[in-house]
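Okay, so here's the structure we're looking at.
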Amino acid sequence: MKLVHKNLARQITLEERQCCEWIIESPELFSKYVQELYIQSEGGEGEFVLSDNDKELNIEKCVEVIINPFSVDVNDKKLLNKLYSELKEIAFDETMYLKTREILAGLQGYFSELEQHGTYFLTTDVETDIVAIFKAMGVRVENCSDNFLQNIDQYIKLVASLLQKKVVVFVNLGSYISTEQIEQLAKTAVYNEVSLLFIENQQRNFSTMFRRYIIDKDKCEI
């Protein structure tokens, strides 16, 4: 994949098996490009173009930008909605269909018994929404929030599998974790077939195997 911008002379090459470090030493350009890429990842307008084999990709659908790694939530709304959709498909596939129907019928019978022991006539929907049951039961991904690195690692896996993201962008993550930990995340990315782009405001001691792009303090591309 390639990430280009009309104001950049060089294109940023993104590969599943090689992480990329983009160092922007100019504070002005750092804030400009980070903000613009984030806005586009949220569905807004911008000048970045992501392509794969000369086919333009939708940045909102393909790119996840994480500016504050401490705010990463493996159970945010967009991930939970996708999780519930996937679980619903599993619940009604060939393997689970009869079991799911048995449970839904059991719920209908349970409410009939409640009606008999109460003083009110009750009614329920003929077709019970299985997703509503997931929500009522608080179904969610097991949270690793007590371990910063594990939480980020798990988030990469989830956005790749549930949201089908192709690129995960971290902003100044090198300020919070070590080079060894960065390399651990890189292995997770390779396994989940997602590209990682680390945007940093200064050069870190990342692996020499990382592809590196630099914009220096004088706004020159190196």
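The values are calculated or read from the model by the stated rules, or taken from the named source; none is laboratory data. All values derive from a computational prediction rather than experimental measurement. No Cβ is skipped: glycine too gets one built from the backbone with ideal geometry, and neighbour counts run over all protein chains shown. Note: areas computed on protein heavy atoms with side chains; ligands, DNA, RNA excluded. Shrake-Rupley method; radii C 1.70, N 1.55, O 1.52, S 1.80 Å.
Taking all protein chains together and a probe of 1.4 Å, list Y110, Y213 from the most accessible to the least accessible.
From most accessible down to least: Y110, Y213.
Compute the angle between helix 77-91 and the longest alpha-carbon principal axis of the chain, please, reported from 0 to 90 degrees and rounded to the nearest 10.
Relative to the chain, helix 77-91 is tipped by roughly 50 degrees.
Arranged from highest to lowest average of other beta-carbon atoms within 10 Å per residue, in what order do the peptides 14-27, 55-68, 161-174 appear?
161-174, 14-27, 55-68
Probe radius 1.4 Å, ligands and nucleic acids ignored: give me the carbon and sulfur share of the accessible area of the chain as a rounded percent.
About 49 percent, which is the carbon plus sulfur part of the accessible surface.
Taking K and R as +1 and D and E as -1, what net charge do the other residues with C-beta under 14 Å from the C-beta of G174 add up to?
Value of the local net charge: -3.
Could you put Y38, Y191 in order of accessible surface area, largest first, with the 1.4 Å probe and the full protein assembly present?
Greatest to least solvent exposure: Y191, Y38.
Could you tell me the convex hull volume per residue, in Å³, taken over the Cα atoms of region 28-103? Display every interim value, and only then the final one.
Numbers: hull volume 11.0 nm³, N = 76.
That works out to 145 Å³ per residue.
In degrees, nearest 10, range 0 to 90: what is the angle between the Cα axis of helix 27-41 and the longest Cα principal axis of the chain?
Helix 27-41 sits at roughly 30 degrees to that axis.
Take the alpha-carbon centre of region 92-159, take the same for region 7-42, and report the distance between them in whole Å.
41
Let me have the relative contact order for region 111-221, percent, based on Cα pairs under 8 Å that are six or more residues apart.
The value is 21 percent.
Helix 179-191: angle to the longest alpha-carbon principal axis of the chain, degrees 0 to 90, nearest 10?
Roughly 60 degrees between the two axes.
Give me the three principal axis extents of region 120-172 from the C-alpha atoms, as integers in angstrom, largest value leading.
59, 26, 15
So for the chain, averaging the separation of alpha carbon pairs under 8 Å that are six or more residues apart and normalising by length, what relative contact order in percent results?
On the way: 301 pairs, mean separation 84.2, N = 222.
Relative CO of the chain lands at 38 percent.
Quick one: give the max-minus-min coordinate of the C-alpha atoms of the chain along each principal axis, largest first, in Å.
79, 35, 32
Could you pull the accessible area for M96 with a 1.4 Å probe, rounded to 10 Å²?
That residue has around 80 Å² of solvent-accessible surface.
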